[in-house]
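K.L.:
Structure below; questions to follow.
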Amino acid sequence: MRLASYSHNSEASYGVVLADRILDLPRAARISGLVMPPPDLASFIAAGDMARDTADVLVAGHPAEAILDLADVRFIAPIPRPSKNIFCIGRNYVDHIKERQADQAIAVKLPEAPQIFTKAPTTVIGPDDTFGLDSTLTAALDYEVELAVIIGTTGRNISRAAALSHVFGYSIGNDITARDLQKRHEQWFKGKSLDRSCPFGPLIVTADEVPDYRQFELSLTVNGEERQRAFASQMIFDVPEIIATLSAGMTLEAGDIILTGTPSGVGAGFNPPRFLKAGDEVVCTISSIGRLATRIVAA
Ligand code: MG
């Protein structure tokens, strides 16, 4: 199932993407006289199997009035305001660690455990939104395409073996980073949490439609020029390891979002660096999920 949040005639809703149309789930349930599904996609995810069963019934048979053309809606982030910070994994692809190393002659030292930081809920924006670049604040704005994992089943101390059964689905994230702030404050949080610095979407592909997440191919372009390309299989710490590590002694809840790290090709990895400037368009793509575009504008 491909689930998206969107606005239509200035009203927010969510539904199931069916080729070039979308089935508005709350509207379909209301017209069909079914129990109303939760009001937004985050609460739909938290509602678990009951909500999914209702959605399955409505996909199989629904009133025509609940169908909208994709051209008539504007996608917003699947979860526009997460209830907590977005979990992020740093330095999770070997080539990316190598390109960020000051001395290219020495061997790459890999992390021994996943490096974990977070982005504030206020960072989330949707597809085709803008990021306002304040050049008095940062002179080193960078991009990072990442596979986003959305937790579906709340859990604590989740084993590697059980980890993927806790995944609701997959999406795309862009971990926009102010490299100078990331470095200046040592802890990464400030440089990673500027407002609107987490483009997220365009939709969530549910885990049952993903035979093997490692086959997702991530890529990113700036103004049409390819900068990043890799497979999710190249992660140092895979998704089961990330979930097992995060959930050890800390509850992961339905609707939590995890960005799983970025491959090589970030702006800071070039010599000289190629940071973002006003007017740039950054497009993240993941095979079989979709495309997430962000325009950088002067703030
Ligand atoms: Mg990142």
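The values are calculated or read from the model by the stated rules, or taken from the named source; none is laboratory data. Just so we're clear, the structure is a prediction, and the values are computed from it rather than from any experiment. Cβ atoms come from the backbone with ideal geometry, glycine included; neighbour counts cover every protein chain shown. What goes into the accessible areas is simple: the full protein's heavy atoms, side chains included, and nothing from ligands, DNA or RNA. Shrake-Rupley method; radii C 1.70, N 1.55, O 1.52, S 1.80 Å.
K.L.:
Give K109/K190; K192/K277; K119/K190; K98/K183; K84/K183 a once-over and call out the pairs whose C-alpha atoms are over 19 Å from each other.
P.N.:
From K109/K190; K192/K277; K119/K190; K98/K183; K84/K183, over 19 Å: K109/K190; K84/K183.
K.L.:
Report, in debye and to the nearest 20, how large the dipole of the chain comes out about its Cα centre when Lys and Arg carry +1 and Asp and Glu carry -1 on their Cβ. Provide the component values of the computation, followed by the final result.
P.N.:
Values: 28 positive and 36 negative charges, 150 e Å.
Once rounded to the nearest 20, the dipole reads 720 debye.
K.L.:
Per residue, how large is the accessible surface of segment 2-76? Use a 1.4 angstrom probe and give square angstrom. The partial results should precede the final answer.
P.N.:
On the way: 3830 Å² over 75 residues.
Solvent-accessible surface per residue comes out at 51 Å².
K.L.:
Is there a quick way to get the dipole size of segment 65-105? I mean about its Cα centre, with the Cβ of Lys and Arg at +1 and of Asp and Glu at -1; what is the value in debye to the nearest 20?
P.N.:
Result for segment 65-105 is approximately 360 debye, rounded to the nearest 20.
K.L.:
How much net charge surrounds L194 when only the other residues with a Cβ under 15 Å from the Cβ of L194 are counted, with Lys and Arg +1 and Asp and Glu -1?
P.N.:
Value of the local net charge: 0.
K.L.:
Report D for the chain in µm² per second (integer): Stokes-Einstein, Kirkwood Rh on Cα pairs, 10 °C, 1.306 mPa s.
P.N.:
Once the numbers are plugged in, D ends up at 81 µm²/s.
K.L.:
Give the accessible area for K109 in Å² (nearest 10); use a 1.4 Å probe, count only protein heavy atoms, and leave out ligands, DNA and RNA.
P.N.:
Solvent-accessible area, nearest 10 Å²: 140 Å².
K.L.:
While we're on this one: Give the peptides 130-136, 226-232 in descending order of average Cβ contacts within 10 Å, highest first.
P.N.:
Highest mean packing first, the order is 226-232, 130-136.
K.L.:
Along each of the three principal axes of the Cα atoms of segment 177-299, give the extent in whole Å, ordering the values from largest to smallest.
P.N.:
Computed over segment 177-299, the largest-to-smallest principal extents equal 39, 33, 26 Å.
K.L.:
Would you mind working out the magnitude of the charge dipole of segment 251-299 relative to its Cα centre, with +1 at each Lys and Arg C-beta and -1 at each Asp and Glu C-beta, to the nearest 20 Debye?
P.N.:
Taking the Cα centre of segment 251-299 as origin, the dipole is about 280 debye.
K.L.:
Apply the membrane-span-like helix rule to the chain: whole DSSP H runs, Cα extent along the own long axis of at least 15 Å, mean Kyte-Doolittle hydropathy at least 0.0. List the helices found.
P.N.:
The qualifying helices are 49-60.
K.L.:
Here's another thing I want to ask about it. Once you place label points 7 Å from the Cα toward the Cβ at L70 and S288, how far apart are they in nm?
P.N.:
1.7
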